[in-house]
Amino acid sequence: MDIEFRDSLDAKSPRVVARIVEQDKLPADLPMAISEGAAATRFFGKPGQVFDGFAEEDGKLVRLALAGAGKKSAEGRHAALERAGAALAAKYLTSGETAIAIDAETSGLDAEETAAVLMGARLRAWRWDHYRTKLRDEQKRTLTKVVVIGAPKGTAAEWEDAQAVARGVEFTRELVAEPANVIYPESFVARCQERFKGTGAKLVVLDDAAMEKLGMGALLGVGLGSERPSRLLAIEWMGGKKNEAPTAFVGKGVTFDTGGISIKPAPGMEDMKWDMGGAGAVAGAMLALALRKAKANVIGVCGLVENMPDGKAMRPGDIVTSMSGQTVEVLNTDAEGRLVLCDALTWVQQEYKPARIVDLATLTGAMLIALGHEHAGLFSNNDKISDELLHAGKQAGDKLWRFPLAPEYDKLLDSPIADMKNIGGRYAGSITAAQFLGRFIENDTPWAHLDIAGMVWATKPGATWDKGATGYGVRLLDRFIRNTTEA
Ligand code: BES
Ligand code: MN
Ligand code: ZN
């Protein structure tokens, strides 16, 4: 959806004019049909509430919308403004209206607040209708433009910055929404190469042979059963000080997870097309950073494989040697994400010597049992990076909750024949998965693992997303870089 800025309403302005209003404070200058209509329908201006009405002005019908932004003094003001924009987008998306105006002048918002409304509208308006060839007219999206009238000085610049982040979120959603016959390791890379063109980011791609040479037996082991070759993708954005050690983001990109020979049950297996949500978030975050020319050095690594059962696939009990030299007894081929991540983690440390590492992965079903769809799990060897991520998550609306790591959990991974097993047993499954990754972090580098299994996909619409791919993680990582590296 496009955003345009204009000084004042004129004959060419959209028919719908929306105003952002404070809770329990309806503006005094509204036409009677609107003010009484709003009161009659119990519109109070709560965050996310929308009133849609008609009035006559100079013999012409005008359509006026009121969107609630809650109380001005309330905590979470920014999120409430995003919800106001999102509610407007949801309301008019398939309404037949092709554009709406937002009257920024009478809404009394500053530049940053206006940009928040626009961000909410833009994110909520995203849909992936690529494969729908038979939508009825009234189901088709009509809204493609928001015209901002009389925006305060500085709004365009604020929006420029926010739009880069929106594009990142949208890219992640696209990658996650695409089915596994369209997005597989090679096509994931190709889609990135196309999307990063002209951004100044540098893409490095390792194929099977290159990974073989580096000894990535764990990552490659997962791909053995697939017809699709595996890939390791690094996206480099070096916008910061020369010689400053980069931050590394590492994403699990299992483009489809059948479980392998330890095959998953059929019902719900289709969900495993979004088992690349960690890699998707990394790619989207890197796009956001590149588009807004972030003053930071950041490397985004995506470990891309498909986990399939086959005559060539790994067997339970097989032992693989990781790039770090550590050996892993693969007792369950469905615990594949950690095998992909461990080699990606070793590689990024050897190649880039990062100052800190954040990995994102749809790693365990146990995460959904623990936290549902409200928070991602955070696991870390370092209190500072944990606090920074928790804080960034709150600001960005991508919430996190920290879990413990401890030697007692780590011990559960000991194997009678190799350096470790790839599963820890029935209990604390998300923690033992994190402990596994922790064994590949060198020199106590500050590291955080985010288990986002419950967050990448939604079965119902949320604050700034429709049902489907949420784009979780992009705004979190962007905010984390702003706070820690650019501040
Ligand atoms: N991708 C799954 C985790 C997952 C499951 C994410 C359901 C979202 C929804 C992961 O590869 C997996 O299969 N994990 C196993 C680990 C177990 C075998 C130790 C799990 O969680 O069951
Ligand atoms: Mn699995
Ligand atoms: Zn998986």
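Okay, here's what the table says:
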| quantity | calculated |
| --- | --- |
| Accessible-area ranking of 196, 403, largest first, probe 1.4 Å | 403, 196 |
| Residue 26 accessible area, assembled protein chains, probe 1.4 Å, Å² | 70 |
| At 1.567 mPa s and 4 °C, Stokes diffusion of the stretch 163-484 via Kirkwood alpha-carbon radius, µm² per second | 68 |
| The chain: relative contact order as a whole-number percent, Cα under 8 Å and 6+ apart | 15 |
| The stretch 202-237: GluC sites (Glu not before Pro) in DSSP coil with no more than 10 other Cβ atoms inside 10 Å | 227 |
| Computed accessible area, residue 19, all protein chains, 1.4 angstrom probe, square angstrom | 20 |
| Sites residue 394 and residue 414 - FRET efficiency at Förster radius 35 Å, r taken between beta-carbons, to 0.05 | 0.40 |
| Computed magnitude of the charge dipole of the chain (debye, nearest 20; Cβ of K, R +1, Cβ of D, E -1) | 460 |
| Of all DSSP beta bridges in the stretch 4-151, antiparallel share, percent nearest 5 | 30 |
| Under 17 Å from residue 197, Cα to Cα: lysines that are on another chain or at least 8 residues apart | 293 |
| Chymotrypsin sites (Phe, Trp or Tyr not before Pro) lying in DSSP loop within the stretch 352-455, provided at most 14 other Cβ fall within 10 Å | 427 |
| Cα centroid of the stretch 425-487 to Cα centroid of the stretch 216-253, whole Å | 16 |
| Cβ-defined net charge surrounding residue 358, 15 Å radius [Lys, Arg +1; Asp, Glu -1] | 0 |
| Percent of beta bridges antiparallel (DSSP, the chain, rounded to nearest 5) | 40 |
| Area projected by the alpha carbon convex hull of the stretch 428-487, averaged over all directions, nm² | 6.0 |
| Dipole axis of the chain (+1 Lys, Arg; -1 Asp, Glu on Cβ), positive-most option in 406, 368, 196 | 196 |
| Angle between the chain longest axis and helix 111-124 axis [Cα atoms, degrees, rounded to 10] | 70 |
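The values are calculated or read from the model by the stated rules, or taken from the named source; none is laboratory data. These numbers come from a predicted model, not from an experiment. Using ideal geometry, Cβ is built from the backbone for each residue, glycine included, and neighbour counts are taken over all protein chains shown. Surface accessibility is based on the protein's heavy atoms, side chains included, excluding ligands, DNA and RNA. Shrake-Rupley method; radii C 1.70, N 1.55, O 1.52, S 1.80 Å.
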